[in-house]
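Beneath this line is the structure, given in structure tokens, with notes to follow.
The values are calculated or read from the model by the stated rules, or taken from the named source; none is laboratory data. As the structure is a prediction and not an experimental result, all values here were calculated from the model. Quick reminder, even Gly has a Cβ in these numbers, built from the backbone with ideal geometry, and neighbours come from all protein chains shown.
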Amino acid sequence: MTVQHKEFHGRVARLQTKHAAFSRGYTARVQSDGLIIVEPRRLRSRVSGRVFLLILTGFLIFKAFLMAAVGFSSYDERVNKLASGTMIEKLGAVLMQADPVSTWGAQKMGPILR
């Protein structure tokens, strides 16, 4: 009886998982032999690659602007001050470190800002 009870609960769990997937929407398609197949809709990420690339580009432009506005030496001092702070500040210091792309952008922006 216990084995049958476990099998029953396994079937119920599979049905609940299927029901949850179908509650988010479904699509139906007809195969070449006439069989109708109903499948749950796949979850798609709301952040596409293009949006991610746009955010990354904006972040690099922001860093270049900061480097050009405050100067390279002052910027490095501020990042070093962040690196000696709390764990979140250390993470910020890693993200805000000068990289070749931001440095190049700051060199191009510098004459425009001054």
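Things to note:
- The residue that is surrounded by the fewest Cβ atoms within 10 Å (Cβ to Cβ), counting only those in the stretch 17-27 that are in contact with a Pro (Cβ under 7 Å, 6 or more places away or on another chain) and part of a helix (DSSP H, G or I), is Phe22.
- Any pair with Cβ under 7 angstrom, 6 or more apart, that starts in the stretch 54-71 at a residue that is outside the structural domain of Val101 (by TED's automatic domain parsing) and ends at one that is loosely packed, with under 13 Cβ neighbours inside 10 Å and among the polar types (S, T, N, Q): none
- Qualifying residue in the stretch 28-51 (condition: in a helix (DSSP H, G or I), in contact (Cβ under 8 Å) with a residue 12 or more places away in the chain and surrounded by 10 or more Cβ atoms within 10 Å (Cβ to Cβ)): no
- Taken together, Ser23, Ser84 contain a single residue that is of a type in the set (Gly, Ala, Ser) and touching a strand residue (DSSP E or B) at 6+ places or on another chain (Cβ under 9 Å), which is Ser23.
- The set of residues from the stretch 58-71 being in a helix (DSSP H, G or I) and either surrounded by 13 or more Cβ atoms within 10 Å (Cβ to Cβ) or modelled with pLDDT under 95 (or both) comprises Phe59, Leu60, Ile61, Phe62, Lys63, Ala64, Phe65, Leu66, Met67, Ala68, Ala69, Val70.
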